[in-house]
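Nothing in this text is a laboratory measurement; each read-out follows from the coordinates by a stated rule. What you see is a predicted model, and the numbers here were worked out from it, not measured in a lab. As a convention, Cβ positions derive from the backbone with ideal geometry for all residues, glycine included, and neighbour counts pool all protein chains shown.
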Amino acid sequence: MAHEPTRRVHVEEDRTERPVVREHRTTTYDSAYATRVILQLVYLIFGIFEVLLLIRFIMKLGNANSANGVIAALYGLTEPLVRPFYGIFPQPGAGAQLEIAALLSLAFLVLVEALIVALIRALTPRYY
């Protein structure tokens, strides 16, 4: 019974003898649907950046050629996310690198994503 939408019935008088009945259904599911869409967008956006950071970490670990256009684009996209974490741990100079800054950035993004999702869920009403 709680999952049924509310129904409003509006009766209009027609010029003929019988009344015309029109139903207008309003549901409480509209805001629940909007909340789900917003949460899915948050998951999608953060998921894309998390995957890019993970690929960056793997490419740095494998000593990928940064002169390659795809790798250069990947490094360029993820550089603003990783830059705040440079200097926390020493970075080796040449060869394969275990880039801790990328892992820290990934962990930070996961925490920010969880915080945003928790805020959205706390600020929107629940519909059961």
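Most exposed first by the Cβ proxy, i.e. fewest other Cβ within 10 Å, how do 31, 105 rank? Numbers along the way, then the final one.
Working: 31 12, 105 24.
Taking fewest neighbouring Cβ atoms as first place, the list is 31, 105.
Quick check: residue separation of residue 120 and residue 103 times 0.36 nm, minus the Cα distance between them. What number comes out in nm? Could the numbers behind the result be given before it?
Details: separation 17, 0.36 × 17 = 6.12 nm, distance 2.59 nm.
The span from residue 120 to residue 103 would gain 3.5 nm if fully extended.
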